[in-house]
Amino acid sequence: MEILDEITGKDYEFGFTTNIESEKIPAGLNEEIIRVISAKKNEPSWLLDWRLEAFKIWQGMNEPEWAHVHYTKPDFQAISYYSAPKSKPKYNSLDEIDPEMRKTMDRLGISMDEQKRLNGIAVDFVMDSVSVATSFKEKLAELGIIFCSISEAVQEHGDLVRKYLGTVVPRTDNFYAALNSAVFTDGSFCYIPKGVRCPMELSTYFRINEAGTGQFERTLLIADEESYVSYLEGCTAPQRDENQLHAAVVELVAMEKAEIKYSTVQNWYPGDKDGNGGVFNFVTKRGLCDGYKSKISWTQVETGSAVTWKYPSCILKGDYSVGEFYSVAVTNHFQQADTGTKMIHIGRNTHSTIISKGISAGHSNNSYRGLVQINSSAKNARNFSQCDSLLMTDTSGAHTFPYIEVNNSSAQVEHEATTSKIGEDQIFYCLQRGLDEEQAISMIVNGYAKEVLNKLPMEFAVEAQKLLAISLEGSVG
Amino acid sequence: MIEIKDLKASIGEKEILKGLNLVVKPGEIHAIMGPNGSGKSTLASVLAGREDYEVTGGEVVFNGKNLLEMAPEERAREGLFLAFQYPVEIPGVSNMNFLKAAVGEVRKHRGEEALSAKDFLALVKEKSALVELDGQLAHRAVNEGFSGGEKKRNEVFQMAMLEPKLAILDETDSGLDIDALRIVAQGVNAMRSPERSFIVITHYQRLLDYIVPDVVHVLYKGRIVKTGTKELALELEEKGYDWIKETVA
Ligand SMILES: Nc1ncnc2c1ncn2[C@@H]1O[C@H](COP(=O)(O)OP(=O)(O)O)[C@@H](O)[C@H]1O
Ligand SMILES: [Mg+2]
């Protein structure tokens, strides 16, 4: 197990020095840089103004310090805020890829073609994913579904973007949201028309190669009345990035009787086993259940990043609207995660459910932070929260910070929390039946997280199960 | 089948097995009786490879191989099965998936092909009937919310699925009513064969009315202090363990 740990620790030495073909602007952040970004992207003036306003707001803000995480604050003047989309390292064949990374991909069951695609190697097979993506797009277009990069949307569907951008996560919301608003260059846009049920999982996976994954990603997803969409973000394959700071903003709008299922698998580089390096993932995700009987459901499997700061939330404005949050967060080595949700009940008879499963190994720290707020207008609102923590080692930490604010006496709010240590007895029981330790931990952990994994779309769920096992390899102690 | 020579084991500073000798031949059923705390479960755990116990002396040969050198999962794959005195619950893990993985590993080790889903289900049906285990239980999470009796029957069901060479039953009878006891015994008896051996650990002679042993041992303070036939169990029942304690002292 130690040997495995050593290898995993080495894993990302390989990296970003190979042939990075990018067009970068100088590091630093000021109005001029923002003008350059906007001009390079050929943006309309309203968006430039919007960015500049965000920048002003950001300048007046301080970096938040309330989360239960410790890290060296990024130097915002040392970051380059624009690089051309294809800035991913380029390889000519899979042989050039870090063998450990390939091993992980093999074990996740990711096909050779997919591995090539994810690593930016041209795939020239008949069943290549580019053609899959093309036919996929044609089918969506027939239904009037818009699914494209946010930059493309600004050009092609400017009115929609202008109408909704920043309405769920305002620029003033927090330090990182303000920063993202000023400098975002990448991300996805999706619009599902009235009454349309999107017939397939919409996956950013299909977009990864087109645009790369941005450092300041911006996602806007609008589900019009009585529409339905299931959206997948990320992929289980380990993702490296030369950028240490990631500050994404995701905004969802669900209109009357619309339903959005948003699933995430986050597997950014977590740093080495001694806690060096790794991505800082500071994300603002929020959904607005705007209409009567609308529903937004967040499901996340978080295994990557050195520091995670993320609270996918729901504003339950429409009467009878429903918000759900299902989360599995795994931390190992020196990773730190402070994650949870906010459920803001405004409409009558609004319901929310929170199921959070934290798993901490190594010397890591895993915190759940959740707010359930029942406003005075939210008659008969209900919430059920369950926050479980599983400790794999004596040196890891689990913390729960539930905040409950109830301003309407008809509300029903239930909160349950448990913390347990993975049972030596359970592991031995599995060993005695012929399973090895890895299989045993995988089974026990997946059993523990089952309620959440069950919420993932099928094809994702199987990979996510393997991912949990791989993330926790050799971690019991 | 198994040959235990002068086995010594401790937990922490405390020596629990103090030079234990036992030979079980293929096809035999040996009963091990003894007062609480004499080391019966310790013996079972040490044979199964639990790391909490440190083996400080002696040797164990299992089917010609050095058992003490093997990892716990290897011992299981080599055909050693332990029906736990206190089976643990594994929430969220279905009994079916658990057994499928276990049967898969054991078969792989024996060089047998993996069972098809259909054959696996047929096997489940056959073996669960043996211990009259409700079909529902097979589909629930491992031991989760099972009654004491259901847990014990589930142990015997797993044993039947894994077809071990040597099965150690640690107080599988304790806490069972007479019907459950009969069902468990029936499961064990159905598996008796000239190639399979059993070590039946029990506190009471009652079980031995149903599972008739070839040899009965009395374990006391970490040693086998008396060995006899089935009659020894009856004698113990009649005279109690004080009698043994006196003879040993
Ligand atoms: N984990 C443990 N830590 C300390 N002492 C133990 C532990 N397990 C067993 N013992 C001690 O070892 C002795 C034998 O226990 P055990 O093997 O369970 O006996 P039996 O199964 O015959 O009742 C007892 O004195 C018991 O208290
Ligand atoms: Mg015992």
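The values are calculated or read from the model by the stated rules, or taken from the named source; none is laboratory data. Given the structure is predicted, the values throughout are model-derived calculations rather than measurements. Because the Cβ atoms are built from the backbone with ideal geometry, glycine has one as well, and the counts that use them run over all protein chains shown.
Annotations
- Residue check for residue B:4: away from chain A (no Cβ under 14 Å), within 16 Å of ligand 2 (Cβ to nearest atom) and crowded, with 19+ Cβ neighbours inside 10 Å: no
- Residue within region B:122-141 that is surrounded by fewer than 20 Cβ atoms within 10 Å (Cβ to Cβ) and within 30 Å of residue B:39 (Cβ to Cβ) present: no
- Helices (runs of 4 or more DSSP H) lying entirely in region A:66-182 (those with 2 or more residues that are at pLDDT below 85 and closer than 28 Å to residue A:199 by Cα): A:112-118, A:129-142
- Residue match in region B:134-154 (condition: closer than 15 Å to residue B:211 by Cα, more than 16 Å from ligand 1 (Cβ to nearest atom) and among the β-branched types (Val, Ile, Thr)): no
Residue-wise test of (1) under 25 Å from residue B:188 (Cα atoms); (2) away from chain A (no Cβ under 11 Å).
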position: B:48; (1), (2): yes, no
position: B:62; (1), (2): yes, yes
position: B:68; (1), (2): no, yes
position: B:84; (1), (2): yes, no
position: B:121; (1), (2): yes, yes
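- Hits in region B:77-108 - residues which are more than 13 Å from residue B:164 (Cβ to Cβ) and within 16 Å of ligand 2 (Cβ to nearest atom): B:84, B:85, B:86, B:87, B:88
- Pairs where the first residue, in region B:33-59, is over 20 Å from residue B:225 (Cα atoms) and the second is assigned to a strand (DSSP E or B) and near ligand 1 (Cβ under 6 Å from one of its atoms), C-beta under 8 Å, 6+ apart: B:52/B:11; B:53/B:11; B:53/B:16; B:54/B:11
- Strands (runs of 3 or more DSSP E) (entirely within region B:1-114) containing at least 1 residues that are more than 16 Å from ligand 1 (Cβ to nearest atom), under 30 Å from residue B:125 (Cβ atoms) and at pLDDT below 95: B:90-94
- When residue B:14 is tested against (1) within 16 Å of ligand 2 (Cβ to nearest atom); (2) within 14 Å of another protein chain (Cβ to nearest Cβ); (3) among the basic types (Lys, Arg), just one condition goes unmet, and that condition is (2).
- For region B:54-82, the set of residues classified as within 19 Å of residue B:104 (Cα to Cα) and among the basic types (Lys, Arg) consists of B:75, B:77, listed by residue number.
- Restricting attention to region B:123-144, the residues that are within 13 Å of another protein chain (Cβ to nearest Cβ), touching a helix residue (DSSP H, G or I) at 6+ places or on another chain (Cβ under 8 Å) and of a type in the set (Asp, Glu) add up to 0.
- When residue B:94 is tested against the conditions (1) surrounded by fewer than 18 Cβ atoms within 10 Å (Cβ to Cβ); (2) within 14 Å of chain A (Cβ to nearest Cβ), the lone failure is (1).
Every residue, every condition in (1) of a type in the set (D, E, K, R); (2) away from every other protein chain (no Cβ under 14 Å), yes or no:
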| site | (1), (2) |
| --- | --- |
| B:146 | no, no |
| B:179 | yes, yes |
| B:195 | yes, yes |
| B:225 | no, yes |
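- Boolean, residue B:74 is within 14 Å of chain A (Cβ to nearest Cβ), away from ligand 2 (no atom under 16 Å from the Cβ), surrounded by fewer than 22 Cβ atoms within 10 Å (Cβ to Cβ) and free of Cβ contacts under 8 Å to residues at least 60 places away in the same chain: yes
- Test for residue A:322: is it of a type in the set (A, V, I, L, M, F, W, C), buried (at least 24 other Cβ atoms within 10 Å of the Cβ) and within 23 Å of residue A:199 (Cα to Cα): no
- Residue pairs meeting the criteria (Cβ under 6 Å; at least 6 apart or on separate chains; first over 13 Å from residue A:30 (Cβ atoms), in region A:43-56; second not in a helix (DSSP H, G or I)): A:54/A:171
- Residue among B:172, B:202 that alone is touching a helix residue (DSSP H, G or I) at 6+ places or on another chain (Cβ under 6 Å) and within 16 Å of ligand 2 (Cβ to nearest atom): B:172
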